[in-house]
Amino acid sequence: MKKAVRQALEKARDSGLLAVEVYNKPAVKFKSVTYVTLMVIAWTALFHAVFFKRLIKPYYRKPKSPKRFERVDGDYKHWELGECLSQYFGSDSGNPVRKNLEFFIGLRNKIEHRTVPEIDSGIFGECQAMLLNFDEILQQEFGAKYCLRECLSFALQMYPSAEGLGEAIKKNPAAKSAAGFIEQYRSSITANILGSSKFSFKAFLIEIANHPGKGTLAIQFVNWEKLNDEQREALEKLVIAIKPKNPSVANADTITAGSVCKKVAAALGSPTVQRGKKLVQKFNLDWHTRCWRNKTVRPPSGSPNPEKTEIRYCVYDKRHNDYGYTQAWVDLLINEFSNPAAYEALYPNDRPAKPVDKP
């Protein structure tokens, strides 16, 4: 094994083990943030090891000199995790492993500067899948002897909190942004990906009487794919029996483009301006269209991939073939367009808009 491969692989394994160790410490309240940060490092290093093994240098090239690599403080500028996903999975944008990691890339940006332990139980399934997928890729690319599973065991735990993300927000308003992102991301992916154990690992831990066999394991994983129809039916009945019946509301966290305009106008005022020979509302649909185009929040109309949005700000609704916008998008626009220069920058070929007094 070449030195670059070995070093990246060691970094990946060490970061993964440390992530699990921190997460399982009972006294640590900063679980999710630390775990996600360390696992992102672990996954990035793992992909670098894979690319080095394939004789691919995971560095950014200079746009004007493609044969040369970019440097930051004298070191090569490595691909971050998002670029690694693009290089490793290619056009397979619906891969559940990829979707799981994209979920954590976005979530990390939401939680790395906040203390939000309330969301820990709400993302446990995705965290577990992130670890299982990591070990699977380790084995697939480098062999079973490099897997983490032989180093880990079950952590002793009290019963986890059963509170949902809504309760988390009530306890800590700082969790609202992260919880909103989680719900929006989950609603943006297909049912097949959402139900995949590679996106989110879910299991029921059911207490049973002690088994008479002395050598029986206290906890065992049962692979759904290896169950027969009768066993699956029995488990499905159990799930239905204990599953809470929460009402489902589609698009509850998004609003229309027109509503975005109204919210921004309510915050910044709704003046009538003269643009050319026309009198128009300052924050109208044309203005909003220029905003999302300028920031590439969503693809243009007629795009073959309408679902490729900036999920923090915009979500594609397949059933209605339109887009919903988030409160984060509204907040961004309010903050940016409180500066009049930002408004004029959207109309570089027009004369500055003139405010018109309403009669």
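The values are calculated or read from the model by the stated rules, or taken from the named source; none is laboratory data. Please read all numbers here as calculations on a predicted model, not as lab measurements. We place every Cβ from the backbone using ideal geometry, glycine too, and count neighbours over all the protein chains shown. These area figures cover heavy atoms from the full protein model, side chains too; ligands, DNA and RNA do not enter into them. Shrake-Rupley method; radii C 1.70, N 1.55, O 1.52, S 1.80 Å.
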_Index of the failed condition, residue 315 passing every other in (1) open to solvent by 90 Å² or more (accessible area, probe 1.4 Å); (2) assigned to a strand (DSSP E or B); (3) under 30 Å from residue 107 (Cα atoms); (4) not aromatic (Phe, Trp, Tyr)_ = (1)
*asked:* Quick check on residue 302: is it surrounded by fewer than 16 Cβ atoms within 10 Å (Cβ to Cβ) and either touching a residue at least 12 places away in the same chain (Cβ under 8 Å) or more than 24 Å from the chain's Cα centre (by Cα) (or both)?
replied: yes
*For region 1-31, enumerate the residues that are open to solvent by less than 50 Å² (accessible area, probe 1.4 Å), among the hydrophobic types (A, V, I, L, M, F, W, C) and either closer than 18 Å to residue 51 by Cα or out of contact with any Ser or Thr (no Cβ under 6 Å at 6 or more places or on another chain) (or both).*
4, 5, 8, 9, 12, 17, 19, 20, 28
*Can you tell me which residues in region 285-299 are surrounded by fewer than 15 Cβ atoms within 10 Å (Cβ to Cβ) and farther than 15 Å from residue 329 by Cα?*
286
*Which helices (runs of 4 or more DSSP H) does region 217-307 wholly contain that include 3 or more residues that are under 26 Å from residue 183 (Cα atoms) and modelled with pLDDT of 85 or more?*
257-268, 285-294
_Can you pull out every residue in region 32-50 that is in contact with a Lys or Arg (Cβ under 7 Å, 6 or more places away or on another chain) and surrounded by 20 or more Cβ atoms within 10 Å (Cβ to Cβ)?_
36, 40, 45
*Could you grab me the full set of residues in region 323-359 that are assigned to a strand (DSSP E or B) and either in contact with a His (Cβ under 9 Å, 6 or more places away or on another chain) or modelled with pLDDT under 90 (or both)?*
325, 354, 355, 356
*Could you say whether any residue in region 81-100 is part of a helix (DSSP H, G or I) and farther than 21 Å from residue 141 by Cβ?*
no
*So which residues in region 84-132 are open to solvent by 50 Å² or more (accessible area, probe 1.4 Å) and either over 20 Å from residue 313 (Cβ atoms) or at pLDDT 90 or above (or both), if there are any at all?*
86, 87, 91, 92, 102, 115, 118, 124, 132
